[in-house]
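**Q** Got a structure for you, written out below as structure tokens; questions coming shortly.
The values are calculated or read from the model by the stated rules, or taken from the named source; none is laboratory data. Note that the structure is a prediction, hence the values are computed from the model and not measured. A quick note on method: Cβ atoms are made from the backbone with ideal geometry, for glycine too, and the neighbour counts reach across all protein chains shown. These accessible areas exclude ligands, DNA and RNA; they are computed on the full protein's heavy atoms, side chains included. Shrake-Rupley method; radii C 1.70, N 1.55, O 1.52, S 1.80 Å.
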Amino acid sequence: MNAKPVILTGHRPTGPCHIGHLVGTLQNWARFQDSYTCFFLIADLHVLTTDYEAAGRIQANTLERLFDWLAAGIDPQRAHLVLQSALPEHAYLSVLLANLVTVARLERNPTYKEQVQQLNLTPSAGLLTYPVLQAADILIYRATHVPVGEDQLPHVELTREVARRFNQLYGDFFSEPEAVLAEQARLPGIDNRTMHTSYGNAIFIKDTPEETTRKVMRMYTDPTRLHATDPGHVEDNPVFTYLDLFDPDRQRLAELKEAYRAGQVGDVEVKRLLAGLLNEALAPMRARRADYAAHPDLVFDLLHEGTAFARLVVKENLAYALRQMGLSAQFKLSF
Ligand code: TRP
């Protein structure tokens, strides 16, 4: 048996990762790689719950997502990259677990309610059971920890309920996984709303330094300040939220904030400083990303290897769950 605790987390391969993902999520994942057995899942089945017409984009988006993960420090030597749709065991366990959750419970899920409202869509059965598949993703590895953003907490909570229910009915097997939130504050978008690809306010890991600088120069600052000589606010000012994270020179930053408050330094100067620091911090990631992007076959190989390892784990755990639930595996007609 594996002595290390187990992490399972993942993303739907939608668009490229922005630096909100980097600070809020990917750096959080990366720090677990030595002390946990880590499975990082490309949740492509989940894409279909809203984007079932995305067939032509999923593969390209999967690759882009993997480039971003690898760029951000996910290390295939220390973690397993897994493709959800290549392991039917995920979907199979989800069919089993769906019997342990009521429709009412799924309808109460805030993420579901939000999506139905925001996307203004007629929900499919797939969208309703999204969290059951996610619970299967997590439980099939008997994961103990799930590092996620705050938006995923309702899903982890539901996963814990399902695990508990299974254990009560069929004997202790699944761990009740714990969500692990990032320690870093969330990075706002350049317009100071939540950073979101669809808002057009995101800085992407894959942006060029020039694009990054352009975005920083357009950044929202302090709307009450009309001239560089007006006293400025550093609170709720995204330029300073970013500097808090990316400026290693704390002394200089403290002085800069004083000067800004006193109206002694202009937005342009502060933004130039930030653009430089941001590009400096992102440079090694971008270089790594470019290396991987030049060898997509190698990246598919990494996904293949990770998924092959995961297959051993999920087969064994699914067989056990089936047996406990009184199904095929007990007849030894294994497939
Ligand atoms: N719902 C997650 C997201 O939208 C993706 C996901 C699928 C996931 N399965 C998971 C996250 C299991 C953590 C654990 O980002």
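**Q** Using a probe radius of 1.4 Å on heavy atoms only, what accessible surface per residue do you get for the stretch 53-142? Whole Å² is fine.
**A** Heavy-atom SASA per residue in the stretch 53-142 reads 44 Å².
**Q** With axes computed from alpha carbons, what is the tilt in degrees of helix 130-139 against the longest principal axis of the chain, rounded to the nearest 10 within 0 to 90?
**A** 80
**Q** A further question follows. When we measure straight from the Cα of Lys4, which lysines land under 21 angstrom away, once same-chain ones fewer than 8 places off are left out?
**A** Lys315
**Q** Please give the length that would be gained between Asp34 and His227 if that part of the chain were fully extended, namely 0.36 nm times their separation in residues minus their C-alpha to C-alpha distance (nm, one decimal).
**A** That pair, Asp34 and His227, stretches by 64.5 nm at full extension.
**Q** Could you list log10 I(q)/I(0) for the stretch 265-313 at q = 0.15, 0.19, 0.33 Å⁻¹, which the Debye formula gives when each Cα is one point scatterer?
**A** After summing over all Cα pairs, the log10 values are -0.61, -0.72, -1.04.
**Q** Tell me which chymotrypsin sites (Phe, Trp or Tyr not before Pro) from the stretch 39-103 have a DSSP coil assignment and no more than 11 other beta carbons within 10 Å of their own.
**A** Tyr52
**Q** Which aspartates and glutamates, if any, have their Cα less than 15 Å from the Cα of Lys257, not counting same-chain residues under 8 positions apart?
**A** Partners found: Asp222, Asp230, Glu235, Asp236, Asp244, Asp247, Asp249, Asp267, Glu269.
**Q** How much mean residue ellipticity at 222 nm does the chain get from its helices, if each DSSP H run of length 4 or more adds -39500 (n - 2.57) and you divide by all residues, to the nearest 500 deg cm²/dmol?
**A** The helix contribution divided over the chain gives -15500 deg cm²/dmol.
**Q** Under the rule a/c < 1.5 gives rounded, and otherwise a/b versus b/c splits prolate from oblate, where does the stretch 72-196 land using the Cα gyration tensor?
**A** The shape class here is oblate.
**Q** Work out how much length Tyr92 to Val268 would gain on full extension: take 0.36 nm times their residue separation and subtract the Cα-Cα distance, in nm to one decimal.
**A** Extending this stretch completely gives an extra 57.8 nm.
**Q** Between 0 and 90 degrees, rounded to the nearest ten: what's the tilt of helix 153-170 against the longest Cα principal axis of the chain?
**A** 20
**Q** On a 0 to 90° scale, report how tilted helix 267-293 is relative to the longest principal axis of the chain, with both axes built from alpha carbons and the result rounded to the nearest 10.
**A** 40
**Q** Mind jotting down the distance between the C-alpha centroids of the stretch 97-141 and the stretch 228-256, whole Å?
**A** After rounding, the separation between the Cα centres reads 41 Å.
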